[in-house]
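I have placed the structure first, in the form of structure tokens, so that the comments after it can refer back to it.
The values are calculated or read from the model by the stated rules, or taken from the named source; none is laboratory data. Predicted, not measured: the structure shown is a model, and the values here were computed from it. FYI the Cβ positions are ideal-geometry reconstructions off the backbone, even for glycines, and counts take in every protein chain you see.
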Amino acid sequence: MKILLHCLLMIPVIWVAYSCPAAEAETTTNTLEELKQLHLRMDALEKKVAEDKQSPAVLTLGRTGSTYMNVSFDVLFNAGWSSVPDAKEIQPGCHDPAQRGFSIRNAELALDGAVDPYFKAFADVVFMTDFEDTTDLELEEAYVLSSSLPYGLQVKPGRFFVEFGRQNTQHPHAWDFVDQPLVLNRMFGEDGLRQNGMRLSWLVPTPNYTEIMLGMFNGQGGDAYSFRYLGEDDEEGVRRMYGHATSSRSIKGMGDFVYVPRIASSFDLTDVQTLVLGASAAVGPNDTGNEAKTLIYGLDTFWKWKSSHAERGWPFVTWQTEVLARNFEAGADEEAGLPSETLRDWGLYSQVQWGFMHPWAAGLRGEYVTGNTSASEEANEERATTTRVSPNVTWYPSEYSKIRLQYNHDWREYAENADAIWLQLEFMLGAHAAHKF
């Protein structure tokens, strides 16, 4: 086909050469030069097509003008061992590698794109194998973001991870470690704080990035662990939360929702250093009494250094810390002989990632979580003091895969110390929306 096209292009040149007088030789020369340039462009185009065939798959569907949809499928495959036979005991996160041997605790089908000039949309459907190797399915997120409101305002309705701190909004494949920090498990439950609701944000017109947010959510179910969540059945079939009996509270007014304010600001310390500071809170009712409420509040910091001579993002250093505290008002339980009480918990994690050489990074995380003494022994065991240290190393063959090796050592208040080692492989097909800095 290429040879045939070249021959067809040469027909007018041959005709000019034989039919034009010598005075028109300059015109012929110009024509030949133009054809030469055209041939060079054709060769470059064919080379680009060949390179695209060798590049990783990127699937973009339904493009019409500025409308598009990206589709990706991201899988986290785990292998490992723990000194505790039931690894779930020390790996409480829903997407943690929580069993000896092999597991897939997160396989995410993600879609994102432009709806119209006014909205962008995002959705995530997650598959995960349970401990009997059957597959669970959940709609993790489905929401839209406004894209044309004035004065730096943005509205976000739908189902999504609530903007509290830094890690709660991150999907597992974006974590720097294989498991969720213990303090987030304590405050938000095994799958984080994720709800149906709406968030309004304002990008403050300041020289540095500053954003103020306010979210309003239903605050119910297992994804609202510290709020309107009925807990688990006890031996007598009574549902309890920290030993206190629960009963369902419906939404009757504005005071029955969970409200989540947040402010975050970014500062460029130097040309190669950035600092992000944030403060968050969440307040709403819980199911242990008609007047019982829960308040969670926290501070977060993120610092990043990247060399001015960085190549493909390396070398770099990041340091991320979150501190959270919770006041959980537990209503009186006469049947169990428990008075009304306020359970106070707090904890933190601090983690460092060092990208020392492309494509390698080493990490270290320290964690601590504790709580006050309760009248319920069950609550004391569930809220025991735990300290963990976790070193890891990660290899990034490309932006579409990574291999991570991590070791955990736990010091536990009510049980023997525990050890675990996990190897995690991530692989992704397609194009995924960019993550926030």
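For segment 353-378, what are the residues that are polar (S, T, N, Q), outside any strand (DSSP E or B) and buried (at least 17 other Cβ atoms within 10 Å of the Cβ)? Give the steps one after another, and end with the answer.
Here is the first cut: in segment 353-378, the ones polar (S, T, N, Q) are 353, 370, 372-374, 376.
From what's left, outside any strand (DSSP E or B): 372-374, 376.
Scanning segment 353-378 gives Ser374, Ser376.
Go through segment 219-228 and count every residue that is surrounded by fewer than 22 Cβ atoms within 10 Å (Cβ to Cβ) and either of a type in the set (Ser, Thr, Tyr) or touching a Gly at 6+ places or on another chain (Cβ under 7 Å) (or both). Quick ask: steps written out before the conclusion?
Step one: list which residues in segment 219-228 are surrounded by fewer than 22 Cβ atoms within 10 Å (Cβ to Cβ), which gives 221-222, 225.
In the following step, the residues that additionally are either of a type in the set (Ser, Thr, Tyr) or touching a Gly at 6+ places or on another chain (Cβ under 7 Å) (or both) were identified as 222, 225.
So the answer is 2.
Summed over segment 379-392, residues that are among the polar types (S, T, N, Q) and surrounded by fewer than 16 Cβ atoms within 10 Å (Cβ to Cβ) total 1. Taking the conditions (1) over 30 Å from Gly221 (Cβ atoms); (2) assigned to a loop (DSSP other than H, G, I, E, B) in turn, Ala336 satisfies each one other than (1). Checked against (1) closer than 21 Å to Thr246 by Cα; (2) within 26 Å of the chain's Cα centre (by Cα); (3) of a type in the set (S, T, N, Q), Ser340 meets all criteria but (2).
Restricting segment 64-77 to residues that are over 18 Å from the mean Cα position of the chain (by Cα) and outside any loop (DSSP other than H, G, I, E, B), the residue that is farthest from Ser146 (Cα to Cα) is Thr64.
Out of Ser307, Ser350, Ser280, Ser265, I need the residue that is crowded, with 20+ Cβ neighbours inside 10 Å and part of a strand (DSSP E or B). Which one? Walk me through how you get there before you give the answer.
Working: Ser307 fails: crowded, with 20+ Cβ neighbours inside 10 Å; Ser350 fails: crowded, with 20+ Cβ neighbours inside 10 Å; Ser265 fails: crowded, with 20+ Cβ neighbours inside 10 Å.
The conditions single out Ser280.
Within segment 372-400, residues that are assigned by TED's automatic domain parsing to the domain that holds Arg312 have Cβ atoms under 7 Å from residues that are part of a strand (DSSP E or B) and of a type in the set (Asp, Glu) in these pairs: Ser374/Glu341; Ala375/Glu341; Arg383/Asp345; Thr386/Asp410; Thr387/Glu367; Arg388/Glu367; Arg388/Asp410, counting only partners at least 6 apart in sequence or on another chain. When Gln99, Gln91 are checked against the criterion of being farther than 16 Å from Asp133 by Cβ and surrounded by 15 or more Cβ atoms within 10 Å (Cβ to Cβ), Gln91 stands alone in meeting it. With respect to Ala415, is the statement that it is in a loop (DSSP other than H, G, I, E, B), in contact with a strand residue (DSSP E or B) (Cβ under 9 Å, 6 or more places away or on another chain) and farther than 20 Å from Val178 by Cα true? The answer is no for Ala415. Please pick out the residue among Leu269, Leu299, Leu295, Leu324 that is at pLDDT 95 or above and touching a helix residue (DSSP H, G or I) at 6+ places or on another chain (Cβ under 6 Å). Result: Leu324 is the single residue among Leu269, Leu299, Leu295, Leu324 that is at pLDDT 95 or above and touching a helix residue (DSSP H, G or I) at 6+ places or on another chain (Cβ under 6 Å). Yes or no: Gln195 in contact (Cβ under 8 Å) with a residue 40 or more places away in the chain, farther than 15 Å from Val155 by Cα and assigned by TED's automatic domain parsing to the domain that holds Tyr297? Here the answer is yes, as Gln195 does meet what is asked. Taking segment 401-415 as the range and being buried (at least 18 other Cβ atoms within 10 Å of the Cβ) and either more than 23 Å from His432 (Cβ to Cβ) or not charged (D, E, K, R) (or both) as the test, the residues that pass are Gln406, Asn408, Asp410.
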